[in-house]
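Presented below is the structure to which this report refers.
Just so you know, all these numbers are worked out from the coordinates, no wet-lab data involved. Owing to the predicted nature of the structure, the values given are computational and were not obtained by experimental measurement. Don't worry about glycine lacking a Cβ; one is built from the backbone with ideal geometry, like all the others, and counts go over all protein chains shown.
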Amino acid sequence: MTNESARAATVAYQTDGPVDVEALSDLMVVSWPDASPRDWRPVLSHSLATVCAYQGELLIGFVHVAWDGSVHAFLLDPTVHPDHRRRGIGTELVRRAGQAARARGCTWLHVDYEPRLATFYEGCGFGPTMAGLMRL
């Protein structure tokens with residue numbers, strides 16, 4: 001086992017378990033410069049799946065999957081605490097989210113991302129595609 005995989009092995013993953021919305025809000029605030037505290041319950045109530053990463057009791061990673069009610073799933077809010085990045089945690093969150101979506105009958109997993117994250121998402125198995133976005 002490499003040093004990197006040994007560090008990642010101390011992380012416990014939970015798919016579709018209860019999510020502490022206060023801990024999730026705290027994780028998002030520390031992880032994203034423009035984030036502010038929010039109530040995640042409305043978002044989570046529409047999730048097809050959630051995956052959390054914990055080190056001990058501390059929530060250090062999160063992703064959820066929304067869907068169209070048919071075969072398309074959407075990867076949303078993948079986040080790893082800044083102190084725990086570059087250890088394979090984000091990749092594992094995405095892998096488990098994909099497994100959950102597939103198990104629920106989805107054929108496609110979509111994700112939008114900034115160009116600086118292309119290498120990460122390509123490493124997770126995503127291919128580039130044309131897409132459009134309209135700010136409402």
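Given (1) in contact with a helix residue (DSSP H, G or I) (Cβ under 6 Å, 6 or more places away or on another chain); (2) over 23 Å from GLY17 (Cα atoms); (3) of a type outside the set (A, V, I, L, M), where does THR119 come up short, assuming only one miss?
(1)
From HIS46, HIS84, HIS110, HIS64, which residue is touching a strand residue (DSSP E or B) at 6+ places or on another chain (Cβ under 7 Å) and without any contact (Cβ under 8 Å) to a residue 24 or more places away in the chain?
Working: HIS84 fails: without any contact (Cβ under 8 Å) to a residue 24 or more places away in the chain; HIS110 fails: without any contact (Cβ under 8 Å) to a residue 24 or more places away in the chain; HIS64 fails: without any contact (Cβ under 8 Å) to a residue 24 or more places away in the chain.
That would be HIS46, the only listed residue that is touching a strand residue (DSSP E or B) at 6+ places or on another chain (Cβ under 7 Å) and without any contact (Cβ under 8 Å) to a residue 24 or more places away in the chain.
Quick one: how many residues across the range 58-96 are of a type in the set (Val, Ile, Thr) and either in a strand (DSSP E or B) or touching a Leu at 6+ places or on another chain (Cβ under 7 Å) (or both)?
The first filter runs over the range 58-96 and keeps only residues of a type in the set (Val, Ile, Thr), leaving 60, 63, 65, 71, 79-80, 89, 91, 94.
Subsequent filtering for residues that are either in a strand (DSSP E or B) or touching a Leu at 6+ places or on another chain (Cβ under 7 Å) (or both) retains 60, 63, 65, 79-80, 94.
Result for the range 58-96: 6.
Starting from residues that are among the β-branched types (Val, Ile, Thr) and under 18 Å from HIS46 (Cβ atoms), keep the ones in the range 66-109 and report whichever is farthest from the chain's Cα centre (by Cα).
From the range 66-109, those among the β-branched types (Val, Ile, Thr) are 71, 79-80, 89, 91, 94, 107; that's our starting set.
Next, from what is left, pick out any that are under 18 Å from HIS46 (Cβ atoms): 71, 79.
Details: VAL71: 19, THR79: 6 Å.
Ranking the qualifying residues of the range 66-109, first place goes to VAL71.
Checking the conditions here, which among ASP68, ASP77, ASP112, ASP83 is surrounded by fewer than 15 Cβ atoms within 10 Å (Cβ to Cβ), of a type outside the set (Lys, Arg) and within 23 Å of VAL21 (Cβ to Cβ)?
Within the list ASP68, ASP77, ASP112, ASP83, the selection yields ASP83.
Take the residues in the range 34-57 that are in a strand (DSSP E or B) and not hydrophobic (A, V, I, L, M, F, W, C); name whichever of them is nearest to the chain's Cα centre (by Cα). If you could, list the steps in order and put the result at the bottom.
Let us first name the residues in the range 34-57 that are in a strand (DSSP E or B), namely 49-55.
The next check asks that each one be not hydrophobic (A, V, I, L, M, F, W, C); those that pass are 50, 54-55.
On the way: THR50: 8, TYR54: 13, GLN55: 16 Å.
Out of the qualifying residues, it is THR50.
For residues in the range 7-57 being hydrophobic (A, V, I, L, M, F, W, C) and touching a Gly at 6+ places or on another chain (Cβ under 9 Å), which is nearest to LEU109 (Cα to Cα)? Show your work before the answer.
Start the filter on the range 7-57 by keeping residues that are hydrophobic (A, V, I, L, M, F, W, C), which leaves 8-9, 11-12, 19, 21, 23-24, 27-30, 32, 35, 40, 43-44, 48-49, 51-53.
Remaining after also requiring touching a Gly at 6+ places or on another chain (Cβ under 9 Å): 8, 11-12, 27, 51-53.
Values: ALA8: 24, VAL11: 24, ALA12: 23, LEU27: 24, VAL51: 15, CYS52: 18, ALA53: 20 Å.
For the range 7-57, the residue satisfying everything is VAL51.
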